[in-house]
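S.K.: Structure provided below as structure tokens; questions to follow.
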Amino acid sequence: MKKFDVVIVGGGMVGAALACGLGNSQLSVAVIEQALPDAFSAEQPHDLRVSALSLASQKIMQSVGAWDGVIQRRACPFRRMRVWETAGDTEFNCDDIDKPELGFIVENRVIQLSLLECLGRFDNVELIAPGVIKHIRYNSAVNSVVTLQDGEVIEAGVLIAADGGNSRVRQAVGVGVTSWDYQQQAMVIYVETEYGQQDITWQRFVPSGPQAFLPLTNNFGSLVWYNSPDEIRRLKQLSGDQLVAELYKAFPDCLGEIKKVLGVASFPLKRQHAQQYVKAGLALVGDAAHMINPLAGQGVNIGLLDAAALAEVLVEASVKGENVADLNILKRYEKMRRNDNLRMMTVMDAFYRVFSNDVLPVKFLRNLGLGLAERVLPAKNKVMRMAIGLDGNLPKLARGIVLK
Ligand SMILES: Cc1cc2nc3c(=O)[nH]c(=O)nc-3n(C[C@H](O)[C@H](O)[C@H](O)COP(=O)(O)OP(=O)(O)OC[C@H]3O[C@@H](n4cnc5c(N)ncnc54)[C@H](O)[C@@H]3O)c2cc1C
């Protein structure tokens, strides 16, 4: 049996970031990942799964040493964000807050690969992949035991659920969730465009749901189209040319000519929040703890903040000689993150309901809101700073402080 202070189940973006945050600490760490991502090559087309990384996420990646890996692979910075609907619109510009950019659109696989590559530099971290879990035994009074399909048995001082929205660990240890479906799906469409993409993300709100256009490198872009499951099913059955015709009808003309649809996928939208983030010897991070409406692209950003906060709590406790599996220690992490995440989920919900609504007074108010946001610069800058992770209760790694 192998024994580790910390065992992270899930080496996705959040689990791998947590492991990097614990790199070079006094803690022995294992990451169990069931399927490693394919290697990256610049000739490959962009993946369908991309994320808008905030500046806080960039800082976390820099602090743990994984940002260079992202830049060397592929990332598209954006300097402006345009949000609009029928009567009002507003543009956020990085110049207003004296930053070189507002964030980066990066393929999820690029983020994950850069973090996993970084893990290789730490003597105290072992990556077990592919590692398929057969059984999890959790008991708050003793170490957890994870048994893999190949017979390997791993003992964990602290077991971490970083295994996504359907977290097996969360279910095995009996942490409940509150959740509901939005009765909508998000269709992601990877397109080739006539012109090279600019440094701007577009988001438009129509009653059937939000629409977004994210720039990728060169002449490529990623569209996100929210609609009812029935409508998304219909759209997915269309040929490439038919879908382009639908895109011209639904999306604004100013986005320019779409030459070709290169890939399509759809995702059901769900809000889900774990009733607790910690138990003795256990912590949940990322989508295992929360799933948020992706309309403002915050899911992995708040997940990376979880990883940074938990790494900080564990490293500081181990330096002081405290027992990192102790519930009171782990509660420090829950205190740092749960309310912030709940607030972000609530704001996204309010946003979603106000903007996907065709009732006249609501329309009037939101247009007023957008108009005000456009004219009142301090308010606009405040919203922008929050969205890109410059304000709020940021963990050390998100402020560029390396953990010791
Ligand atoms: C359409 C859409 C667009 C989005 N856009 C954005 C965006 O722009 N910005 C943003 O911040 N967020 C965005 N999100 C959300 C973001 O994708 C998620 O929040 C993010 O992927 C969560 O990362 P994670 O590492 O917690 O979980 P996951 O990405 O789900 O990773 C979990 C990892 O655990 C592994 N795993 C699972 N089960 C096991 C097991 N039993 N044993 C071992 N390993 C296991 C998996 O293989 C995987 O590697 C979007 C989501 C959707 C649906």
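S.K.: Give, as residue ranges, the strands (runs of 3 or more DSSP E) completely inside the range 96-177 that count at least 2 residues that are in contact with a Phe, Trp or Tyr (Cβ under 8 Å, 6 or more places away or on another chain) and surrounded by 22 or more Cβ atoms within 10 Å (Cβ to Cβ).
M.R.: The strands (runs of 3 or more DSSP E) meeting that bar are 103-107, 153-161.
S.K.: Name the single residue that is most open to solvent (accessible area, probe 1.4 Å) among those in the range 28-41 being within 13 Å of the ligand (Cβ to nearest atom) and aliphatic (A, V, I, L, M).
M.R.: 36
S.K.: Answer yes or no: is there a residue in the range 302-312 that is among the charged types (D, E, K, R), open to solvent by 30 Å² or more (accessible area, probe 1.4 Å) and either at pLDDT below 95 or away from the ligand (no atom under 16 Å from the Cβ) (or both).
M.R.: No, the range 302-312 contains no residue that is among the charged types (D, E, K, R), open to solvent by 30 Å² or more (accessible area, probe 1.4 Å) and either at pLDDT below 95 or away from the ligand (no atom under 16 Å from the Cβ) (or both).
S.K.: Let me ask another. Any idea which residue in the range 42-51 is nearest to the ligand (Cβ to nearest atom), counting only those that are within 12 Å of the chain's Cα centre (by Cα) and open to solvent by less than 30 Å² (accessible area, probe 1.4 Å)?
M.R.: Looking at residues that are within 12 Å of the chain's Cα centre (by Cα) and open to solvent by less than 30 Å² (accessible area, probe 1.4 Å), I get 51.
S.K.: In the range 257-269, how many are in contact with a strand residue (DSSP E or B) (Cβ under 6 Å, 6 or more places away or on another chain) and more than 16 Å from the ligand (Cβ to nearest atom)?
M.R.: 5
S.K.: For the range 178-193, enumerate the residues that are closer than 30 Å to residue 246 by Cβ and either among the small types (Gly, Ala, Ser) or open to solvent by 30 Å² or more (accessible area, probe 1.4 Å) (or both).
M.R.: Answer for the range 178-193, where residues must be closer than 30 Å to residue 246 by Cβ and either among the small types (Gly, Ala, Ser) or open to solvent by 30 Å² or more (accessible area, probe 1.4 Å) (or both): 180, 181, 183, 185, 186, 192.
S.K.: Between 285, 319, which is among the β-branched types (Val, Ile, Thr) and farther than 20 Å from residue 62 by Cβ?
M.R.: Sole residue among the options that is among the β-branched types (Val, Ile, Thr) and farther than 20 Å from residue 62 by Cβ: 319.
S.K.: On to the next question. Just give me the residues in the range 199-223 being open to solvent by 20 Å² or more (accessible area, probe 1.4 Å) and in contact (Cβ under 8 Å) with a residue 24 or more places away in the chain, in sequence order.
M.R.: The answer is 199, 202, 203, 204, 206, 207, 208, 214, 217, 219, 220.
S.K.: Which ones in the range 265-290 are farther than 20 Å from residue 324 by Cα and either modelled with pLDDT under 95 or open to solvent by 50 Å² or more (accessible area, probe 1.4 Å) (or both)?
M.R.: The answer is 267, 268, 269, 270, 271, 275, 287.
This table checks each residue for (1) near the ligand (Cβ under 9 Å from one of its atoms); (2) under 21 Å from residue 37 (Cα atoms).
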site	(1), (2)
94	no, no
101	no, no
108	yes, yes
118	no, yes
124	no, no
145	no, no
150	no, yes
155	no, no
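S.K.: Looking at the range 324-358, which of its residues are over 23 Å from residue 275 (Cβ atoms) and either exposed (fewer than 15 other Cβ atoms within 10 Å of the Cβ) or aliphatic (A, V, I, L, M) (or both)?
M.R.: Passing the criteria: 353, 354, 358.
Results for (1) among the small types (Gly, Ala, Ser); (2) over 20 Å from the mean Cα position of the chain (by Cα), shown as yes or no for each residue.
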| site | (1), (2) |
| --- | --- |
| 101 | no, no |
| 119 | no, no |
| 132 | no, yes |
| 165 | yes, no |
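The values are calculated or read from the model by the stated rules, or taken from the named source; none is laboratory data. Bear in mind the structure is a predicted one, so any value in this text is a computation, not a measurement. Counting neighbours? That spans all protein chains shown, and the Cβs are built from the backbone with ideal geometry, glycine included. Surface accessibility is based on the protein's heavy atoms, side chains included, excluding ligands, DNA and RNA. Shrake-Rupley method; radii C 1.70, N 1.55, O 1.52, S 1.80 Å.
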